[in-house]
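Take a look at the structure set out below.
The values are calculated or read from the model by the stated rules, or taken from the named source; none is laboratory data. None of these values were measured; they are calculated from a predicted model. Note that we place each Cβ from the backbone using ideal geometry, even for glycine, and neighbour counts take in every protein chain shown.
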Amino acid sequence: MSATAFAERYGPRALVLGGSEGIGAAFADGLAAGGLDLTLVARRTAPLEAQADRLRAAHGVNVDVAAVDLAAPDIEHTAVTLMERHEYGLLVYNAGAAHGAGLFTERALAGELALVRLNCIATVAFVHQALVRMRQRRKGGVILVSSMAGLAGSGFLATYAAAKSFEIVLAEGLHWEHADMNIDVMCAIAAMTDTPAMRNSGMKFDAIPGLTAMDSEEVAEGALAHLGHGPVWCAAGQTALDQARTEDRTRLIEAVSGMGAALFGLDPTQPCE
């Protein structure tokens, strides 16, 4: 799709949640380069303002920002307020990195609930507001950024994996509901990606020989190119997605739990002690 056609279908403005760094920042770069104005949302004001200044200077687009905790209990009200700011033709929900890893019962309940609010409740709040408006205009797009972790239950990352699975299934259902309305809903399943959030989570990117982290730009560019071509795009490739979906579940869960333990420097035998 040409930049002009993309802007016509998904413009005039995109709302990028989690847009100050990592994959969200890469989405913002790609969209601004295509001429879309932007609203960027994240928790901290300073990184948002720095990102906005850079995009304005590089691409000459209009960019505003909002410092928001997407895990806040009243997020549905914030979603209404933000969606009323502008006419958005594209929503990119890119938030909800894993904040460390460990056995479910040994992690703080508050942190697990925050993961659910961030990946599930806030996602539903913003997507609902966006799609109500897009249905009136009969055009638009939504991209939910999930993770390969959402393809199977995972020890040490149980809540995170479950929350990311929610995003995949939500996007699939909403894609079907809007397929004949000129509105594209897609889940972009990121593979292991080297982002500041993942580094801060304690992930050890060199823990598994042969497993190389992707760049944020690869994920964002691939997702934007696939938008409008199906309900799910997997950064690791269709073969990897198909294998995960057809593998014996017991073996798959064991494998991904072992990978999670390795990536976060945990003892994979811990649950059996």
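Is it the case that some residue within the stretch 209-232 is modelled with pLDDT of 85 or more, under 18 Å from I168 (Cβ atoms), among the charged types (D, E, K, R) and not in a helix (DSSP H, G or I)? No, every residue in the stretch 209-232 fails to be modelled with pLDDT of 85 or more, under 18 Å from I168 (Cβ atoms), among the charged types (D, E, K, R) and not in a helix (DSSP H, G or I). Taken together, the criteria exclude V41 from residues that are over 25 Å from S146 (Cβ atoms) and in contact with a Gly (Cβ under 8 Å, 6 or more places away or on another chain). The number of residues in the stretch 85-100 that are modelled with pLDDT of 95 or more and surrounded by fewer than 19 Cβ atoms within 10 Å (Cβ to Cβ) comes to 2.
Taking the residues in the stretch 233-246 that are outside any strand (DSSP E or B) and touching a residue at least 12 places away in the same chain (Cβ under 8 Å) as candidates, determine which candidate is surrounded by the most Cβ atoms within 10 Å (Cβ to Cβ). In this case the residue turns out to be A235.
One line per residue, one yes/no per condition, for (1) free of Cβ contacts under 8 Å to residues at least 60 places away in the same chain; (2) closer than 13 Å to N94 by Cβ; (3) among the acidic types (D, E):
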{"position": "A7", "(1), (2), (3)": "yes, no, no"}
{"position": "Y10", "(1), (2), (3)": "no, no, no"}
{"position": "G24", "(1), (2), (3)": "no, yes, no"}
{"position": "D29", "(1), (2), (3)": "no, yes, yes"}
{"position": "L40", "(1), (2), (3)": "yes, yes, no"}
{"position": "R44", "(1), (2), (3)": "yes, no, no"}
{"position": "E49", "(1), (2), (3)": "yes, no, yes"}
{"position": "A52", "(1), (2), (3)": "yes, no, no"}
{"position": "A57", "(1), (2), (3)": "yes, no, no"}
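Here R135 meets the list (1) in contact (Cβ under 8 Å) with a residue 40 or more places away in the chain; (2) surrounded by 15 or more Cβ atoms within 10 Å (Cβ to Cβ); (3) under 30 Å from A261 (Cα atoms) almost entirely, failing just condition (3).
Residue by residue through the stretch 101-111, note down the ones that are part of a helix (DSSP H, G or I) and either in contact with an Asp or Glu (Cβ under 8 Å, 6 or more places away or on another chain) or buried (at least 17 other Cβ atoms within 10 Å of the Cβ) (or both).
We begin by selecting, within the stretch 101-111, every residue part of a helix (DSSP H, G or I); these are 104-106, 109-111.
Across the stretch 101-111, the qualifying residue is only F104.
Does M186 fit the bill of being closer than 19 Å to A5 by Cα and either crowded, with 24+ Cβ neighbours inside 10 Å or of a type in the set (A, V, I, L, M) (or both)? The answer is yes for M186.
For the stretch 115-129, the set of residues classified as buried (at least 24 other Cβ atoms within 10 Å of the Cβ), hydrophobic (A, V, I, L, M, F, W, C) and under 19 Å from E87 (Cα atoms) consists of F126 only.
Of all residues in the stretch 140-162, exactly one satisfies the criterion of being more than 18 Å from L241 (Cα to Cα), of a type in the set (A, V, I, L, M, F, W, C) and assigned to a helix (DSSP H, G or I), namely A158. Would you mention how many residues in the stretch 237-254 are within 17 Å of I189 (Cβ to Cβ) and either touching a strand residue (DSSP E or B) at 6+ places or on another chain (Cβ under 6 Å) or not β-branched (V, I, T) (or both)? Of the residues in the stretch 237-254, 10 are within 17 Å of I189 (Cβ to Cβ) and either touching a strand residue (DSSP E or B) at 6+ places or on another chain (Cβ under 6 Å) or not β-branched (V, I, T) (or both). Restricting the search to helices (runs of 4 or more DSSP H) fully inside the stretch 1-66 and requiring at least 2 residues that are out of contact with any helix residue (DSSP H, G or I) (no Cβ under 9 Å at 6 or more places or on another chain), within 20 Å of H229 (Cα to Cα) and not hydroxyl-bearing (S, T, Y) gives 3-10. Filtering the stretch 102-144 to residues that are within 21 Å of A190 (Cβ to Cβ) and of a type in the set (S, T, Y) leaves only T123.
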